[in-house]
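Okay, structure first, notes after.
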Amino acid sequence: MLPGAALKWPGVLWQPDEDSNPVDSAKAGKLNPHVKESMEMAQRLSKLDIPVILSAWFPPQWAVTGKLQLRKQPDEEWGNPLDQNKAQEIYKSIADYIQYLKDAYGVEVKLFSFNESDLGINVRQTGEEHAKLIKELGAYFQSRGLQTKMLLGDNSDATTYSFIYPAMNDAATHRYIGAISFHSWRGWSDTILQKWADVATKMNLPLFVGEGSIDAAAWAYPKIFEEQTYALEEINLYVRLLNICQPLSILQWQLTSDYSPLKGGGIFGNNDALQPTQRFWNLKQLASVPSNIAATPATSNKKDITCAAQGDAGKNIYIVHLVNNNAARMVTIKGLPASVKKLSVYITSKTKNMEEEKPVAVVNGQATFLLDAVSYAVVKTN
């Protein structure tokens, strides 16, 4: 997998008034502090060679129909549609932001999306409107000489896959689409995840999990982040995503105090010393594999073992991810190339923090070892 980062386009702060010129204001030193901080963050990420996705959340009132309400009640319809009578003005505002980010901060935005527009967080679209946006805004970016491509989907969860079909089935959108994205909050069945994998294969485009985790409301009961069950379910999902969807990147939602993989340090009122949780070690272990390695099919003959595999035959690099959801047991990995003679094993569990185990010998393409109870293991070539 490759690293990636999503940056919010705070349109309500970038150009709150339709008749204002946000670029002139920014050049005059009047850039909104939050916008400035966002651009500086993008600059730091870009200097680390981390690709940046710009995702629009909060539109200004002038750009939408109806009264703009950024917070809705659960039983109300979420989000506001874009005002199609002002489409060109909206496109210009977004492109101006991208151009200024490039000119002033040296950041080339790779992809653009409206966040979760299938649901309305906070712009709401139909699938047909999404396709129209891709064609029109994609063409506008091109006319401005911007390299930014459109992100297909960026759906609120995996179950709303039909939202992307109008754009997918309209050949006129394809030249402007750079990648596909969905968020992993709901819809974890193999059948649903396979639909996203099939779309990426059909369109020959990389797939992103634009927001990765298992419970979008977990910030409301944050003690759950310290529970072993949450940590295990999250890494189970990520390994299944690797095996079925083969995403280019899973963007963890999120590495902030709201969904923190750390505890203490004042987070959610916990004033103990800042320290990593099991989720932190799971994420670190998952991220420890080399980039630019391809997924390879993997299956388990036990329902309580989740697995995925990756490799680069040219570099003799092979990775196997294993999540054991039950008691400790002996496991055997089969089908390893003859060139592999030894494997390293790293374990994260309630008692182990990405600990390296004794090396495992590979004989005739097979490796057998004891897998800890209720644990996440990364097995890899040296």
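The values are calculated or read from the model by the stated rules, or taken from the named source; none is laboratory data. It should be emphasised that the depicted structure is a prediction, and the values quoted were computed from it without experimental measurement. Heads up, the Cβs are rebuilt from the backbone with ideal geometry, glycines too, and the neighbour counts pull from every protein chain shown. Calculation scope for accessible area: heavy atoms of the full protein, side chains included, ligands and nucleic acids excluded. Shrake-Rupley method; radii C 1.70, N 1.55, O 1.52, S 1.80 Å.
Taking label points 7 Å from Cα along the Cα-to-Cβ direction, GLN61 and ASP24 give a separation of 2.2 nm.
Label positions at ILE50 and GLN69, each projected 7 Å from the Cα along the C-beta direction, are separated by 3.5 nm. For the chain, the fraction of 1.4 Å probe accessible surface lying on carbon and sulfur atoms is 51 percent. For the stretch 19-93, the convex hull spanned by the alpha carbon atoms encloses 138 Å³ per residue. Within the same chain, aspartates and glutamates fewer than 8 places from LYS27 are excluded, and of the rest, those with a Cα less than 16 Å from its Cα are GLU37, GLU40, ASP96, ASP103.
For the pair ASN316 and GLU355, what calculated FRET efficiency results from E = 1/(1 + (r/R0)^6), where r is the Cβ-Cβ distance and R0 = 30 Å, to the nearest 0.05? Walk me through the numbers on the way to the answer.
Values: r = 24 Å, r/R0 = 0.82.
Efficiency for this residue pair is about 0.75.
Extension gain, THR299-GLN366: 0.36 nm per intervening residue step, less the Cα-Cα distance, totals 22.7 nm.
With a Cα cut-off of under 17 Å and a minimum spacing of 8 residues unless on different chains, the lysine pairs in the stretch 35-149 number 17. A simple spin-label model places pseudo-atoms 7 Å from Cα toward Cβ; at GLU37 and THR332 they are separated by 5.6 nm. For the stretch 290-382, list log₁₀ I(q)/I(0) at each q in 0.15, 0.18, 0.24 Å⁻¹, using the Debye formula over Cα point scatterers of equal strength and ignoring solvent, two decimals each. For the stretch 290-382, the Cα-only Debye profile gives -0.54, -0.78, -1.38. In the stretch 95-151, the alpha-carbon atoms span a convex hull of 75 Å³ per residue. A 1.4 Å probe run over the stretch 329-372, with the rest of the protein chains in place, finds 59 Å² accessible per residue. Its alpha carbons considered, the stretch 60-179 gives a radius of gyration followed by a Dmax of 14.4, 43 Å.
Other residues with beta-carbon under 15 Å from the beta-carbon of GLN252 carry, at +1 per Lys or Arg and -1 per Asp or Glu, a net charge of -3. What angle do you read, to the nearest 10 degrees and between 0 and 90, between the alpha-carbon axis of helix 87-105 and the longest principal axis of the chain? On a 0 to 90 degree scale, this one is about 60.
Tell me what the chain gives for mean residue ellipticity at 222 nm when only DSSP H runs of n ≥ 4 count, each as -39,500 (n - 2.57), the sum divided by the residue total, rounded to 500 deg cm²/dmol.
-8500 deg cm²/dmol, from helical runs alone.
Shape summary: the stretch 240-313 maps onto an equivalent ellipsoid whose semi-axes, from the alpha-carbon gyration tensor, are 31, 14, 11 Å in decreasing order.
What is the ratio of the Cα radius of gyration of the stretch 207-338 to 2.2 N^0.38 Å, with N the residue count, to two decimals? Working shown, then result.
Values: Rg = 16.3 Å, N = 132, 2.2 N^0.38 = 14.1 Å.
In units of the 2.2 N^0.38 Å rule of thumb, it is 1.16.
Within the chain, DSSP assigns beta bridges of which about 60% are antiparallel (rounded to the nearest 5). When the alpha carbon gyration tensor of the stretch 161-226 is reduced to an equivalent ellipsoid, the three semi-axes, largest first, read 29, 12, 10 Å. Mean 1/r over all different Cα pairs, inverted: what Kirkwood radius does the stretch 110-201 give, in Å? Hydrodynamic radius (Kirkwood, Cα only) of the stretch 110-201 equals 13.2 Å.
Estimated from the Cβ-Cβ distance and a Förster radius of 35 angstrom, the FRET efficiency linking SER257 and GLN194 is about 0.50. Summing charges over all other residues whose Cβ lies under 10 Å from the Cβ of ASN21, with Lys and Arg as +1 and Asp and Glu as -1, gives -3. For the stretch 247-265 versus the stretch 338-382, the inter-centroid distance based on Cα atoms is 26 Å.
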